[in-house]
Amino acid sequence: MHQPFAITRRTMIQAGGAAVASTALSYARIPGANDRISIGHIGIGARGRELASVVAGLKSQCNVEMTAVCDLWSVNRERAASTAAGEYGRAPRSFQYIEDMLAAPDLDAVIISTADFQHAPHLQLVAEAGKDAYVEKPMGNVLAEVKAARDAVRARGLIVQAGTQHRSEPYQNAARARVAAGALGKVSKVEIVWNYHGPRWRGRPEVKQIREEETDWRRWLLTKPWRPFDPQLYFEFRLYREFSSGIPDQWMTHAADMVHFLLQDRVPVSVVAQGGVFRWKDGRENPDTFQALVEYPEFLVSYSTSFANDSDSFTRIMGDSATLVNLGGEGSRRWKIVEERGTHESNPFVHRSHEYIKLGRSERERLNFPQRFLNGAIEKTYGPLPFTSDSNPCHMRNWLECLRSRQDPNATVDDGFAHSVVAIMAARAQREGRKLFWDRAAEEIVESPVDSRTPVRTPAGPSAD
């Protein structure tokens with residue numbers, strides 16, 4: 001009973017059929033324009049409840065219903081079932097184990113919002129069952145598991161949306177359009193600083209609530225070695241290195257994905273990183289202060305986070321014609337373009353004009369009326385807000401639309417693989433104290449340079465909401 005849970009052929013069959021049959025089954029289940037989309041949801045904690053609320057908000061517009069909920073902890077499971085019954089007028093099926101939920105033949109797709117280390121194994125199980133998926137970021141934090149999950153999705157032509165939701169937000173797309181139009185010129189450096197003051201991820205109230213008999217601890221550990229039941233680890237896993245890298249998994253994935261999205265190069269050359277626990281000495285194993293340099297073929301990215309000081313967060317994408325500046329942390333809508341003119345050495349008071357990026361008419365028309373009215377009023381008096389809501393429905397709506405159209409969503413499984421690679425490399429570089437390199441041909445992390453200077457451009461993705 002103390003052996004790690006293995007993703008075996010038998011597990012796959014239990015999860016929905018042999019691999020040969022799963023592709024045909026998935027195509028047979030493609031919902032038509034008037035068919036209700038049947039969704040299952042695994043991992044319904046704090047973030048899971050946010051996602052469930054987003055889906056409920058789209059139930060009429062996208063003709064979708066949460067028909068199954070799955071969580072190892074009975075409290076989460078029962079609360080999710082009760083909430084869904086209130087939203088949809090009937091109770092969903094309730095499961096403790098993912099393979100039982102995946103055996104439901106009418107299930108079209110699955111939302112995965114379990115713990116960081118569980119994302120990739122769960123995505124592989126969902127894909128092997130022939131079902132589409134929305135998977136929270138990081139898509140995975142063990143390279144072999146991320147590869148296996150991606151390959152399972154690719155082999156079946158499934159629609160998978162990675163949960164880097166800012167790709168679908170209108171202000172980020174407006175910024176991307178300006179970059180694509182050449183407004184920055186040649187970009188050579190990106191600087192990202194996202195800060196917060198507090199013992200992030202420590203102090204979850206559920207730690208004192210859960211009892212071991214209410215869950216299945218062995219199954220929660222999944223592929224990890226056995227250890228005694230630990231409520232803190234169960235809910236505060238982001239602080240423990242075997243289960244998450246913390247800042248790289250949770251924050252840097254968003255930063256890396258936005259770089260890939262804006263600059264259309266998602267393959268790193270090398271990563272070096274430093275970090276440590278300098279402020280919150282509360283038993284956490286992952287850094288509260290972290291900095292990484294990620295080298296790409298044509299530019300360098302500097303990423304930094306402190307949980308000990310809430311100094312202004314920003315992003316700067318530096319070209320030889322202009323700088324694209326984002327004021328605020330992850331998801332901020334407040335972008336501006338600053339002209340690159342003169343130097344402070346020759347004129348310490350050099351003036352550089354700037355322009356805030358605002359939504360055009362077509363982007364505004366995609367918003368519902370309350371959003372359009374509020375955005376217009378705010379932009380006129382203040383400018384775009386330096387934050388966004390994690391419950392913005394754009395990304396979920398894009399995925400639900402793609403379940404019908406079978407077009408690639410805004411954050412594909414390959415985009416999820418790319419952000420996972422950067423986070424895995426950064427975490428390893430910090431832990432091992434050395435520079436690491438990416439071998440793009442072998443898709444492996446190596447310890448010596450690889451001849452990979454030819455940039456790989458990602459094809460233009462689908463238009464976002």
The answer for the net charge of residues other than L221 whose Cβ lies under 12 angstrom from its Cβ, with Lys and Arg +1 and Asp and Glu -1, is +1
Calculate, for D230 and I378, the FRET efficiency according to 1/(1 + (r/R0)^6) with r their C-beta to C-beta distance and R0 56 Å; round to the nearest 0.05. 0.80
Please give the peptides 333-342, 348-357, 397-406, 258-267 ranked by average Cβ packing (other Cβ atoms within 10 Å per residue), highest first, as a rough proxy for protection. 258-267, 397-406, 333-342, 348-357
Please report the antiparallel percentage of DSSP beta bridges with both residues in the chain, rounded to the nearest 5. 60 percent
Where does the Debye-calculated log10 I(q)/I(0) of the range 70-113 sit at q = 0.25, 0.32 Å⁻¹, using only Cα point scatterers of equal weight, no solvent? -1.00, -1.23
Bin width 10 Å, alpha-carbon pairs only: give the P(r) of the range 125-171 as whole percents, running from 0 to the bin holding the largest distance. 26, 51, 20, 3
Could you calculate the contour length gain from R352 to S188, that is, 0.36 nm times the residue separation minus the distance between their Cα atoms, to one decimal place in nm? 57.1 nm
Please work out the FRET efficiency for the pair S53 and D320, using the Cβ-Cβ distance as r and a Förster radius of 41 Å; give the result to the nearest 0.05. 0.40
Can you tell me the relative contact order of the chain? Whole percent, Cα pairs under 8 Å, sequence separation 6 or more. 19 percent
Between the alpha-carbon centers of the range 194-270 and the range 119-134, tell me the distance in whole angstrom. 19 Å
Take the solvent-accessible surface of the protein heavy atoms, probe 1.4 Å, and return the percent of it on the chain that carbon and sulfur atoms account for. 52 percent
Sites N63 and Q407 - FRET efficiency at Förster radius 22 Å, r taken between beta-carbons, to 0.05: 0.80
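Leaving out ligands and nucleic acids, and using a 1.4 Å probe, what accessible area per residue does the chain come to in Å²?
42 Å²
Given a cut-off of 23 Å, name the pairs among K189/K380; K189/K336; K137/K208; K147/K224; K186/K380; K137/K380 whose C-alpha atoms lie farther apart than that in the structure shown.
Result: K189/K380; K137/K208; K186/K380; K137/K380 exceed 23 Å.
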Peptides 317-326, 91-100, 53-62: what's the order by average Cβ count within 10 Å, highest mean first? 317-326, 91-100, 53-62
Given the DSSP H assignment, sum -39500 (n - 2.57) over each helix run of at least 4 residues in the chain and divide by its residue total; what's the result at 222 nm in deg cm²/dmol, nearest 500? -10000 deg cm²/dmol
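With a sphere of radius 10 Å drawn around the Cβ of P231, what net charge do the other residues whose Cβ falls strictly inside it have (Lys, Arg +1; Asp, Glu -1)?
Net charge around P231: -1.
Listed highest first by mean packing, meaning other Cβ atoms within 10 Å per residue, what order do 284-294, 424-434, 183-193 come in?
Numbers: 284-294: 22.1, 424-434: 19.5, 183-193: 17.7.
For the peptides 284-294, 424-434, 183-193, the packing ranking is 284-294, 424-434, 183-193.
The values are calculated or read from the model by the stated rules, or taken from the named source; none is laboratory data. Bear in mind the structure is a predicted one, so any value in this text is a computation, not a measurement. FYI the Cβ positions are ideal-geometry reconstructions off the backbone, even for glycines, and counts take in every protein chain you see. SASA here: full protein model, heavy atoms, side chains in, ligands and nucleic acids out. Shrake-Rupley method; radii C 1.70, N 1.55, O 1.52, S 1.80 Å.
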